[in-house]
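The values are calculated or read from the model by the stated rules, or taken from the named source; none is laboratory data. Remember, predicted model here, so these are calculated numbers, not experimental data. No Cβ is skipped: glycine too gets one built from the backbone with ideal geometry, and neighbour counts run over all protein chains shown. The protein model used for the area step is the full one, side chains on, heavy atoms only, and it has no ligands, DNA or RNA in it. Shrake-Rupley method; radii C 1.70, N 1.55, O 1.52, S 1.80 Å.
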Amino acid sequence: MFVVTGATGNVGRSLVRTLAETGARVTATSRGITGTDVPEGVAHVRADLADAESLRPVLDGADALFLQNGGPSAHRLNPRDILDVAKAGGVGHVVLLSSQGVVTRPGSASHGDTARAIEDAVRQSGMTWTILRPGGFDSNAYAWAESVRAHRVVAAPFADIGLPTVDPDDIAEVAAAALREDGHAGQVYELTGPELVTPRRQAEAIADALGEPVRFVEQTRDEARAMMLRFMPEPVVDTTLTILGEPTPTEQRVSPDVERVLGRAPGTFADWARRYVAAFR
């Protein structure tokens with residue numbers, strides 16, 4: 001039995017669906033999960049990663065665990081407690097959704113250091129493990145959905161600086177392979193898309209998916225910062241803007257790991273936009 005934490009997120013939701021389609025027994029968990037969040041036949045249990053004891057009934061009898069690192073709330077987690085509960089429940093393998101920031105932003109509490117601490121706990125847990133380090137997600141474009149729906153406008157800084165953003169569905173497929181197949185224990189996979197894509201090109205891809213024009217407005221860094229501070233902590237905003245505006249060569253490198261695991265090239269941002277265009281209508 002596989003336990004998927006963060007099961008209502010962009011990766012977790014797709015992973016639950018992918019595993020269920022193979023006939024695997026899955027328990028999906030998150031703080032607010034309901035039956036409408038999972039496919040028919042998939043068990044769902046509410047639990048909070050910040051409260052390891054709430055996971056005990058979820059993990060009892062599990063074989064493997066997909067552990068998401070908490071994202072912006074990662075500082076609330078005690079990963080060693082979570083892993084102790086998992087091991088006591090019978091979990092033998094952990095697939096951790098970490099962050100490329102472990103390598104590219106060491107010293108950043110919001111992107112590198114916290115993720116590194118969780119990785120270290122997983123490595124020291126006594127269970128086998130696989131670590132996934134994605135860069136930026138294609139689904140970050142959902143931040144533009146409201147303005148596209150209302151005004152057919154995308155506003156973003158650094159219009160022509162590209163990053164190889166990755167499709168969360170590809171992350172989920174890699175995670176499913178690491179949970180179900182042999183040969184992934186002890187591996188660290190860096191997950192990116194197949195090409196650099198700029199915010200301006202992302203807006204064009206959304207327009208193509210809609211079949212309607214979408215106007216692109218380039219923001220200043222200060223304008224973008226003010227907007228992002230409405231829903232993200234200040235340290236996360238500042239580091240994110242630095243990544244978007246001054247990416248390192250590693251952050252712009254296209255990784256072969258999705259293709260290496262799945263035997264196919266990762267999907268493009270345009271592929272993602274076509275699949276999820278309903279969010280922008």
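A few points about this structure:
- Most mobile of Ala226, Ala178, Ala145 in a GNM of the chain (Cα contacts under 10 Å): Ala226
- Efficiency of FRET from Cβ geometry, Thr128 and Glu195, R₀ 41 Å, rounded to 0.05: 0.80
- Summed side-chain charge close to Val237 - residues other than Val237 whose Cβ falls under 12 Å, Lys, Arg +1, Asp, Glu -1: 0
- Annotation: the antiparallel percentage among DSSP beta bridges lying fully within the chain is about 5.
- Apportionment of accessible area to carbon and sulfur, the chain, percent (1.4 Å): 49
- Mean Cα-pair separation over length for the range 119-241, i.e. relative contact order, pairs under 8 Å, 6 or more apart, %: 33
- Accessible area per residue in Å² at 1.4 Å probe, computed on the range 25-107: 45
- Helical runs assigned H by DSSP (4 residues or longer) give the chain a calculated mean residue ellipticity at 222 nm of -10500 deg cm²/dmol, each run adding -39500 (n - 2.57) before division by the residue total.
- The length gained on full extension between Gln252 and Ala159, counted as 0.36 nm times the residue separation minus their Cα-Cα distance, comes to 32.0 nm.
- Two-decimal Rg to Rh for the chain - Kirkwood Rh, Cα set: 0.96
- Rolling a 1.4 Å probe over the heavy atoms of the protein chains gives the range 152-281 an accessible area of 47 Å² per residue.
- Local electrostatic count, Tyr189, Cβ distance below 14 Å [Lys/Arg +1, Asp/Glu -1]: -4
- Spin-label pair Asp37/Asp113, simplified geometry with 7 Å Cα→Cβ offset, distance in nm: 3.0
- For Phe137, residues with placed amide H under 5 Å, excluding near neighbours: Val166
- Label-point separation in nm, Arg152 to Arg275, each point 7 Å along Cα→Cβ: 2.7
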